[in-house]
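Structure record follows, encoded as structure tokens.
Coordinate-derived values only; no laboratory data. In this text, all values refer to a predicted model and were calculated from it rather than measured experimentally. Glycine gets a Cβ as well: all are built from the backbone with ideal geometry, and neighbour counts include every protein chain shown.
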Amino acid sequence: MADFFLKISPNIAVGSHIIARLGHIVEKHLDKTEKRWLLVLDPGMRETGIAEQAEKALAEREIEIIGFDDIPTANTTVLENVLSLA
């Protein structure tokens, strides 16, 4: 198995058309020798087209996408538990 490094960015980007700038944002966090990015999506992001926009923005910067979207839809109990933490 090849070595890998997990970098978790503490940054959160919010703004109009931020998804279109995703490639530029991600590129700043990549090692110069590596152009792969793990994109984790929930089913709702596929349904609304956000996933395709993200994939397009990354592809425009020639960033290889490793996609993961096998995330079950949260039921109301899970959401209520999350809200109770707020």
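Observations on the structure shown:
- Stretch gain in nm, segment R46-E34, where the contour uses 0.36 nm per residue and the Cα spacing is subtracted: 1.7 nm
- Space enclosed by the convex hull of the alpha-carbon atoms of segment 18-85, per residue, Å³: 111
- Tilt relative to the chain, helix 50-60 - C-alpha long axis, 0 to 90 degrees, to 10: 10
- Here is the list for segment 13-58: trypsin sites (Lys or Arg not before Pro) lying in DSSP coil, each with at most 12 other C-beta atoms within 10 angstrom of its C-beta, are K28, K32.
- Long-range HN-HN contacts of L39 with modeled amide H, under 5 Å: I66, G67, F68
- Evaluated with a Cβ-only charge set (Lys, Arg +1; Asp, Glu -1), the chain carries a dipole of roughly 340 debye about its Cα centre, given to the nearest 20.
- With at most 13 neighbouring Cβ atoms within 10 Å, loop GluC sites (Glu not before Pro) (DSSP) excluded, longest segment of the chain: 1-33
- Sparsely packed loop sites in segment 1-76 (the chymotrypsin sites (Phe, Trp or Tyr not before Pro) outside DSSP H, G, I, E and B with at most 15 other Cβ atoms within 10 Å) comprise F4, F5.
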